[in-house]
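The values are calculated or read from the model by the stated rules, or taken from the named source; none is laboratory data. From a predicted model like this one, the values you see are computed outputs, not experimental measurements. All Cβ positions, glycine included, derive from the backbone under ideal geometry; neighbour counts span all protein chains shown.
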Amino acid sequence: MQNKTKIFLFVSLMILIAVFLVVDLVLGSVSIPSDKIIAILTGEDVKTSWNYIILNFRLPKAITAILVGAGLSVSGLMMQTLFRNPLAGPYVLGISSGASLGVALMVMASAILPGVFGAIYGFLGSWALVVSAIAGASVIFVIIGMASIRISDSVSLLIIGIMFGSITGAVVNILQYFSDPEQLQSFIVWTFGSLSGVTWNEMHLMAPVVVIGLLMSFILIKPLDALLLGENYARGVGISVNRTRIWVIISTALVAGTLTAFTGPIAFIGVAVPHMARAIFGTASHKVLLPAVVLIGAVLMLVCDILSQVPGNQTTLPINSVTAIFGGPVVIWVILRSRSVKASFS
Amino acid sequence: MTDNYFKDILETKGLSIGYKQKRSEDLCLLSDLNLTIRRGELVCLLGPNGSGKSTLMRTIAGLQTPLKGKTLVEGVPIRERNFSEIARLLSIVLTERLQVGNLSVYHIVSLGRHPYTSWMGRLSEKDESMIKWALEQVGLWPYVNKFINQLSDGERQRVMIAKALAQDTPLIMLDEPTAHLDLPNRVEIMRLLRNLAKETDKAILLSTHELDLALQAADIIWLMSKNSDLKIGAPEDLVLSGSIEQTFKNKSFNFDRKSGNFIMNYQKKQIVQLVGNDVMGFWTQRALSREGYQVTCEKTGNCSIHLKEDEMVWEIHKDGEVTQCRSIHDLLLGLNKKL
């Protein structure tokens with residue numbers, strides 16, 4: 001593919017982000033004209049309730065969508081390269097299972113052990129879910145991190161990650177079995193994923209952490225490219241595979257762990273977007289793929305957010321289902337057309 | 001004599017290779033190796049499967065800890081350096097097939113410049129000219145923008161050799177570089193490597209179990225065999241001393257010192273006299289041996305085969321009776337019927 005074509009694609013993707021960002025802000029249960037939205041964004045006081053809806057509800061939600069799309073896609077790309085596996089994604093090391101375990105403990109164990117957990121729950125207030133998810137993800141991250149120092153082959157690490165996913169999943173099941181319907185529901189709602197739960201307060205923590213994780217991945221472009229040749233060749237051209245692996249895991253844990261904590265586990269994006277990027281840009285080079293997945297992920301997530309607001313209706317669909325229902329066919333179509341999966345992982 | 005130029009590129013000092021084991025004594029494959037490779041030398045590490053070729057290669061490349069001793073490349077001890085410093089001293093080409101397809105030839109060869117680029121991986125003019133030079137050396141410059149999955153196995157191997165050349169190291173190590181290739185490609189790769197060693201003055205070490213190619217291309221052979229010391233010498237010296245025969249000895253075939261080939265041992269069933277010489281005689285003899293006849297040029301028994309070279313006709317003389325055959329295939333069928 002010519003460099004000109006690539007630049008054209010990148011510019012188009014950026015324009016798409018701008019367009020969908022505006023559409024995402026326009027659509028909602030309260031209709032606000034688009035010219036007023038631009039006025040509100042530039043700091044004008046149009047109408048107090050409109051200002052509030054745009055600035056404190058729709059804008060953080062749209063930014064969250066962009067961060068989720070970009071972050072999970074980059075994590076997924078790095079995991080697929082590290083494990084040389086087209087099915088790998090940001091959650092493959094059990095980070096999201098750890099987060100769910102944390103949330104499940106917080107939500108449901110407070111019923112079983114009302115004393116301890118109830119007190120913590122009361123103390124943390126609205127941050128309870130976030131803190132518990134971060135705690136759960138961190139525990140898994142520390143375990144996987146220690147394992148990655150001891151274990152020098154990636155496949156074993158992948159299997160250990162999947163095993164941890166199963167173990168935590170089983171513990172969550174047991175908790176669900178013993179908990180009240182009410183608590184069960186609030187846990188299940190968390191697993192649906194939601195972009196609208198992030199307020200500015202939380203954004204102040206989430207955005208910087210995710211951005212730092214993303215910047216780390218851009219430093220990893222060179223070793224990730226070398227890893228495409230396999231671990232032995234990568235060592236042969238002077239890359240420390242172990243160090244690269246640890247940095248990839250740290251970056252993924254920061255990005256995927258934080259996003260899961262604030263939005264719930266959002267599946268699909270992290271596995272699918274890297275494949276779309278390879279198909280569209282026709283290359284495996286990370287110098288192209290990394291910015292590409294950031295942009296494609298952001299576009300896809302904005303579109304999903306727009307689709308999740310059922311037009312002319314107050315309800316919003318759970319984002320986790322929307323990504324799969326609307327994104328799945330797109331990805332299948334792209335992959336069938338270009339056969340890039342076979343070219344990338346043959 | 002300037003010492004610098006004649007200095008050996010690779011040197012091992014008292015190197016012992018093998019595996020450290022937790023509960024029992026270390027498993028030592030070879031001990032106290034003092035090996036050297038000079039500039040411009042192509043060395044073939046030759047040995048049957050399971051003789052420890054890979055272990056020796058990995059140990060020399062610093063990927064495996066030696067039980068004792070050390071490896072020096074241009075006087076620098078490998079084990080005391082990190083990956084990126086080692087990558088400027090030696091480059092490797094592996095047997096394993098690349099698992100990625102949608103990378104351009106240029107991109108793959110440019111990965112050889114990794115030890116010299118910054119964390120961004122930006123290529124300088126010098127990097128770019130090295131990549132071009134490397135691709136020209138292996139004759140793949142016209143393919144520079146192709147994807148690796150558009151190339152044949154032989155071309156892929158040449159891309160990886162170009163990657164090693166772009167890495168600009170005094171020592172290039174190749175682990176069974178001809179393993180997946182057909183005969184013309186095998187010969188081509190060996191010829192290429194030999195020329196590269198002579199022209200670039202690099203030291204090239206490759207492991208192989210293909211005796212015939214090693215005998216023809218190598219300056220020096222390191223001969224490994226199970227339960228015996230490493231033997232070192234020019235290919236011809238190792239043939240004359242019988243070391244090659246010893247190493248590859250087997251009950252179903254023999255190594256023929258005269259031709260440098262393996263001859264399979266077939267059960268001999270009948271003595272046949274062959275009258276005639278030259279190319280036709282040579283191939284007729286091969287066919288007869290394969291079918292289990294013991295071929296001689298002296299008069300023996302009552303069966304002989306006469307060659308009419310100008311007509312390409314084979315005559316079977318048996319008990320005064322003469323049968324004419326128009327091909328070796330016919331000849332063998334005719335003989336089987338008669339004897």
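Scanning region B:167-204 for residues that are under 14 Å from residue B:90 (Cα atoms) and either without any contact (Cβ under 8 Å) to a residue 12 or more places away in the chain or within 14 Å of another protein chain (Cβ to nearest Cβ) (or both) yields B:167, B:168, B:169, B:171, B:172, B:173, B:174, B:175. Scanning region B:34-45 finds no residues that are over 22 Å from the mean Cα position of the chain (by Cα), crowded, with 17+ Cβ neighbours inside 10 Å and either polar (S, T, N, Q) or over 23 Å from residue A:234 (Cα atoms) (or both). Under the condition of being part of a helix (DSSP H, G or I), within 9 Å of another protein chain (Cβ to nearest Cβ) and among the small types (Gly, Ala, Ser), the residues counted in region A:212-232 number 1.
Selection of region A:233-243 for residues being small (Gly, Ala, Ser) and more than 7 Å from chain B (Cβ to nearest Cβ) yields only A:234.
Pick from region B:102-139 the residues that are assigned to a loop (DSSP other than H, G, I, E, B) and buried (at least 20 other Cβ atoms within 10 Å of the Cβ): which of them is farthest from the other protein chains (Cβ to nearest Cβ)? Per the stated criteria, the residue is B:138.
Hey, does region A:63-82 have a residue that's in a helix (DSSP H, G or I) and surrounded by fewer than 16 Cβ atoms within 10 Å (Cβ to Cβ)? Taking every residue of region A:63-82 in turn, none turns out to be in a helix (DSSP H, G or I) and surrounded by fewer than 16 Cβ atoms within 10 Å (Cβ to Cβ). Counting only residues that are under 15 Å from the mean Cα position of the chain (by Cα) and surrounded by fewer than 22 Cβ atoms within 10 Å (Cβ to Cβ), region B:160-188 holds 12 of them. Assess whether residue A:246 counts as being surrounded by fewer than 23 Cβ atoms within 10 Å (Cβ to Cβ), out of contact with any Gly (no Cβ under 6 Å at 6 or more places or on another chain) and more than 21 Å from residue A:102 (Cβ to Cβ). In short, yes.
Of all the listed residues (B:329, B:317), the sole one being modelled with pLDDT of 85 or more and loosely packed, with under 14 Cβ neighbours inside 10 Å is B:329.
Among the candidates B:71, B:65, the residue that is touching a Leu at 6+ places or on another chain (Cβ under 9 Å) and more than 7 Å from chain A (Cβ to nearest Cβ) is uniquely B:71.
Specify the residue that is modelled with the lowest pLDDT; the eligible residues are those in region B:89-134 that are more than 29 Å from the chain's Cα centre (by Cα) and of a type in the set (Gly, Ala, Ser). Looking at residues that are more than 29 Å from the chain's Cα centre (by Cα) and of a type in the set (Gly, Ala, Ser), I get B:121. Restricting A:326, A:281, A:345 to residues that are within 14 Å of chain B (Cβ to nearest Cβ), of a type in the set (Phe, Trp, Tyr) and out of contact with any Gly (no Cβ under 9 Å at 6 or more places or on another chain) narrows the list to A:281.
Would you pick out the residues in region B:229-254 that are touching a residue at least 24 places away in the same chain (Cβ under 8 Å) and assigned to a strand (DSSP E or B)? Answer for region B:229-254, where residues must be touching a residue at least 24 places away in the same chain (Cβ under 8 Å) and assigned to a strand (DSSP E or B): just B:232. When region B:87-101 is filtered for residues that are touching a strand residue (DSSP E or B) at 6+ places or on another chain (Cβ under 9 Å) and at the interface with another protein chain (Cβ under 7 Å from one of its Cβ atoms), the ones remaining, listed by number, are B:91, B:92, B:94, B:96, B:101.
Entry remark, region A:1-25: residues being within 16 Å of residue A:58 (Cβ to Cβ) and either of a type in the set (Lys, Arg) or in contact (Cβ under 8 Å) with a residue 24 or more places away in the chain (or both) number 6 in total. For region A:299-313, the condition of being more than 10 Å from chain B (Cβ to nearest Cβ), in a helix (DSSP H, G or I), of a type in the set (Ser, Thr, Tyr) and closer than 18 Å to residue A:194 by Cα holds for at least one residue.
Within region B:210-228, restricting attention to residues that are assigned to a loop (DSSP other than H, G, I, E, B) and under 21 Å from residue B:95 (Cβ atoms), which residue is modelled with the lowest pLDDT? Within region B:210-228, the match that is modelled with the lowest pLDDT is B:226. No other residue among A:136, A:165, A:213 is surrounded by 15 or more Cβ atoms within 10 Å (Cβ to Cβ), free of Cβ contacts under 8 Å to residues at least 40 places away in the same chain and under 20 Å from the mean Cα position of the chain (by Cα) apart from A:136. Each residue in region B:145-159 was checked for being farther than 15 Å from residue B:182 by Cβ and aliphatic (A, V, I, L, M), and 2 pass. When the residues of region A:189-211 are narrowed to those that are touching a Gly at 6+ places or on another chain (Cβ under 7 Å) and at negative phi, which ends up nearest to the other protein chains (Cβ to nearest Cβ)? Looking at residues that are touching a Gly at 6+ places or on another chain (Cβ under 7 Å) and at negative phi, I get A:210. Does any residue of region A:263-270 turn out to be more than 10 Å from every other protein chain (Cβ to nearest Cβ) and under 24 Å from residue B:120 (Cα atoms)? Within region A:263-270, not a single residue is more than 10 Å from every other protein chain (Cβ to nearest Cβ) and under 24 Å from residue B:120 (Cα atoms). For region B:286-306, how many residues meet the condition of being more than 18 Å from residue B:338 (Cα to Cα) and either assigned to a strand (DSSP E or B) or at pLDDT 80 or above (or both)? Total satisfying the criteria: 2.
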